[in-house]
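Notes follow the structure.
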Amino acid sequence: MEGDEPRIAESLIELIGNTPLVRLGRVAADLECRVVAKLEMLNPGGSVKDRPALAMIEQAERDGLLKAGGTIVEPTSGNTGVGLAIVAAQRGYRCVFVVTDKVAPEKIKLLGAYGAEVVVCPVAVEPADPRSYYSVAERLVNDIPGAFRPNQYGNDQNPRAHELTTGPELWRQTAGRLTHFVAGVGTGGTITGVARYLKAQNPDVQIVGADPAGSVYSGGSGRPYLVEGIGEDFWPSTYDPGLVDRVVAVSDEDSFLMARRVTQEEGLLIGGSGGTAVAAALEVGRELTAEHLVVVLIPDSGRGYLSRVFDDDWMAGHGFLRGAEHPVAEVLEDVVASRQTDVPLLVYARPEDTVRRAINVMRGHGVSQLPVAKGEMPLAAAEVMGSVDELVLMDLTFRAPEVMGEPVEKVMGPPLPTIGIGQPLATAVELLDRANAVVVLAGGRPHAVLTRTDILTYLSRASGSR
């Protein structure tokens, strides 16, 4: 209209924040309470991490830690990297991001699209390991002149950004009526910052953390899980557990299936960590009444997970989908269930075990090969490091008897092939044409080892019952 000023942002940075709320009317239809989603994927960089990325860079500039022509180095699951890359593009900084090998390939390509350099590190190592993405990032900071590491795990601007923006938005958008706030916990910045603001307005607001099963926040050791971007194997200083009233552990399987359900039922494309948060919100919501209002924060879009969560082959291969399209007799789950033996479904050796002990384990259980994995049951797929075979060990020990005292990791071969428990029997037969055994995954975790003998036994019983 005449006299109105054009509403044009000077840069993409000005569009960060003020994301909307939408009711989850279908997936929460059986609940008395209302459940609404905060759509953080509508930030310019596609995630909630745009907020702290901007705050951390601006504080570094004020403190003189980041100067013209400088380099930003940060370990990230991808989203923080995108947020940092957007601000860096506006201000002329170089970016080097360090990610783990569980990060979806499209996320790595996305960081590269912004002109960032990406270094990939193994996920199944301790934080202090020189190969960990924390250690590699620290080394790069020391090696690159003019480098600055925002350190989202220890930078108080991370929670501060949410205290100043996300929290007030939620309070305003719900007219102060929200009773529960649910969010995934990664660095802890989002949930801590939002909690600070909301509890200052109303101490009775309940703050609920949604956490991958196995993460330290819900009592785990931090062992590998497949959900990206949330959960940790250490306690970041950006997380204040005193502000969190409850933490709900959610499995990889429930997270991924919930992400797919929300996408298909609500038309809202969300990622795996969003699935974690919604699953936790629905669990909490089952205990509530019509007077309650639950807000669940959706950190990003499912567009970054098309090759994982939304790929049927990937989901089936990790045992998250049970072959509904195949006749029951052809699904691998039935082969596992039919095993009539005293041998545990999954027997494995640890990398530090001696070769002698591994041989004794094989002899004691009557098996001819073992996966090699670190950790206790239930194992994570990323903890499987290799395998040993009786024929190989026989040859080694015959030629060099002293090998008996060596650790298994020095003589192990590559890991056994994996297959999802819901995949067709035909797929297992194809794999066993090239390998002596396969590891069956259920819910993303190693569940059983199947051999050619197991398949033959199942087939013979099946044919005998016809």
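Values in this text are rule-based calculations from the coordinates and carry no lab data. Since this is a predicted model, take the numbers as computed values, not measurements. In this analysis, Cβ positions are derived from the backbone assuming ideal geometry, glycine residues included, and neighbour counts consider all displayed protein chains.
Odds and ends about this structure:
- Considering only alpha-carbon pairs that sit under 8 angstrom and 6 or more positions apart, the relative contact order computed for the chain is 13 percent.
- In the chain, the calculated helix contribution to ellipticity at 222 nm averages -10000 deg cm²/dmol per residue, counting -39,500 (n - 2.57) for every DSSP H run with n ≥ 4.
- Charge tally around ALA279: other residues with Cβ under 12 Å, Lys/Arg +1 each, Asp/Glu -1 each, net -2.
- Sequence of MET377, MET56 once ranked by neighbouring C-beta atoms within 10 Å, starting from the fewest: MET377, MET56
- Judged by the ratio a/c of the largest to the smallest principal axis of the C-alpha gyration tensor, segment 216-307 counts as oblate, that ratio being 1.5 or greater while a/b is no larger than b/c.
- Entries in LYS107/LYS374; LYS38/LYS374; LYS49/LYS410; LYS49/LYS199; LYS102/LYS199; LYS67/LYS109 that, when Cα-Cα distance is taken, lie over 31 Å: LYS38/LYS374; LYS49/LYS410; LYS102/LYS199
- Sorting THR165, THR341 by the number of Cβ atoms found within 10 Å of their own Cβ, with the fewest placed first, yields THR341, THR165.
- Scanning residues 5 or more positions from VAL98 or on other chains, those with amide H under 5 Å from its amide H are GLU74, THR76, VAL119, with H placed 1.01 Å from N in the peptide plane.
- Extended-chain gain in nm, criterion 0.36 nm per residue less alpha-carbon gap, GLU126 and LYS109: 3.5 nm
- Taking PHE398, PHE320 and counting other C-beta atoms within 10 Å, the order from fewest to most: PHE398, PHE320
- For ARG461 and ARG139, a Förster radius of 51 Å and the Cβ-Cβ distance give a FRET efficiency of 0.35, rounded to the nearest 0.05.
- Estimated FRET transfer efficiency (GLU406, ARG94; beta-carbon r; R0 45 Å; 0.05): 0.50
- Each of (i) 22.0, 69; (ii) 40.2, 130; (iii) 24.8, 92 is a candidate for Rg and Dmax of the Cα atoms in Å; the one calculated from this structure is (iii).
- Given charges at Cβ of Lys, Arg, Asp, Glu: segment 94-209 dipole, positive-most of PRO122, VAL99, LEU178: LEU178
- Segment 168-239: trypsin sites (Lys or Arg not before Pro) falling in loop per DSSP and having at most 15 other Cβ within 10 Å: ARG177
- Global size of segment 310-384: 15.5, 45 Å for Rg and Dmax (C-alpha atoms, Rg to one decimal, Dmax whole).
- Share, in percent, of DSSP beta bridges within the chain that are antiparallel, nearest 5: 35 percent
- For segment 160-307: relative contact order, % (alpha-carbon pairs under 8 angstrom, 6 or more apart): 25 percent
- Ratio of the Cα radius of gyration of segment 416-466 to 2.2 N^0.38 Å, where N counts its residues: 1.14
- Placed amide H near VAL296: partners under 5 Å, 5+ positions off or other chain: VAL36, ALA37, LYS38, VAL182
- Calculated translational diffusion coefficient of segment 150-249 (25 °C, 0.890 mPa s; Stokes-Einstein with Kirkwood radius over alpha-carbon pairs) equals 182 µm²/s.
- Two-site label geometry, ILE8 and GLU390: point separation in nm, points 7 Å out along Cα→Cβ: 7.7 nm
- Nearest 10 degrees, 0 to 90: helix 252-266 Cα axis against the chain principal axis: 50 degrees
- Histogram of C-alpha separations across segment 50-148, 10 Å bin width, %: 17, 49, 30, 4
- Among residues other than GLU383 with Cβ under 11 Å from its Cβ, the summed charge is +3 (Lys and Arg +1, Asp and Glu -1).
- Three principal axis extents describe the C-alpha atoms of segment 324-464; from largest down they are 50, 30, 27 Å.
- Helix 355-365 axis, angle to the chain major axis (alpha carbon atoms, nearest 10°): 70 degrees
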